[in-house]
Amino acid sequence: MNSPKAVAYCSLTVLVALYVVGAVSNGSLRHEVQTLPLWVPIVLGFRQQPTAKWAAIPCFIIWLALMTFIWLFLLGWARIISGHFSPTEILMTVVVGVASLTGLGVSFRWATALSWGKGLAVAALLFVLQLAALRISFTPYIARH
């Protein structure tokens, strides 16, 4: 499989796994908002655009970090994130983590003709968008629906 499509499929896997979490945790809207930035590397990857790599990297890093924080909590090693996690939610953390690691591996091996400056600008934009989506998802109205 080519790198753009691999990045798109990894991003889509993260998105679907997080939708499953939303479906089983009564937080569907929150998870839909949180995953909005993932649509950028999904669309760009399926369109074979080199910017897909740079759009995906910050999303994969942020989601991998969040899954790591959940695993640390579940193992009783840290309380950066806490809560009650069903077996389905725990399984989805593994899916998100594996998809993010795989996506990062593909992205870091994928050499594009895009300049570093443009690539880093895309990555910075998606980093801000992903953090903003996470923050917005915890506003009271969205968090309850």
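Quick grid of which residues meet (1) under 15 Å from SER100 (Cα atoms); (2) in contact with a Pro (Cβ under 8 Å, 6 or more places away or on another chain):
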| residue | (1), (2) |
| --- | --- |
| PRO4 | yes, yes |
| VAL7 | yes, yes |
| VAL33 | no, no |
| PHE60 | yes, no |
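Tell me yes or no: at least one residue of the stretch 10-32 is within 11 Å of the chain's Cα centre (by Cα) and aromatic (Phe, Trp, Tyr). Scanning the stretch 10-32 turns up no residue that is within 11 Å of the chain's Cα centre (by Cα) and aromatic (Phe, Trp, Tyr).
For the stretch 40-50, the count of residues that are within 25 Å of GLY117 (Cβ to Cβ), out of contact with any helix residue (DSSP H, G or I) (no Cβ under 6 Å at 6 or more places or on another chain), touching a residue at least 60 places away in the same chain (Cβ under 8 Å) and surrounded by 16 or more Cβ atoms within 10 Å (Cβ to Cβ) is nonzero. The single condition among (1) buried (at least 17 other Cβ atoms within 10 Å of the Cβ); (2) out of contact with any Ser or Thr (no Cβ under 9 Å at 6 or more places or on another chain) that ILE70 does not meet is (2).
With respect to the conditions (1) among the β-branched types (Val, Ile, Thr); (2) modelled with pLDDT under 95; (3) under 20 Å from GLN130 (Cα atoms); (4) surrounded by 15 or more Cβ atoms within 10 Å (Cβ to Cβ), ILE80 falls short on a single one, namely (4).
Among the residues in the stretch 102-124, are any closer than 14 Å to THR51 by Cα, under 19 Å from the mean Cα position of the chain (by Cα), exposed (fewer than 14 other Cβ atoms within 10 Å of the Cβ) and aromatic (Phe, Trp, Tyr)? The answer is yes, given that some residue of the stretch 102-124 is closer than 14 Å to THR51 by Cα, under 19 Å from the mean Cα position of the chain (by Cα), exposed (fewer than 14 other Cβ atoms within 10 Å of the Cβ) and aromatic (Phe, Trp, Tyr).
The values are calculated or read from the model by the stated rules, or taken from the named source; none is laboratory data. Quantities reported herein were computed from a predicted structural model and do not represent experimental measurements. When we count neighbours, we look across all protein chains shown, and the Cβ atoms used for this are built from the backbone with ideal geometry, even at glycine.
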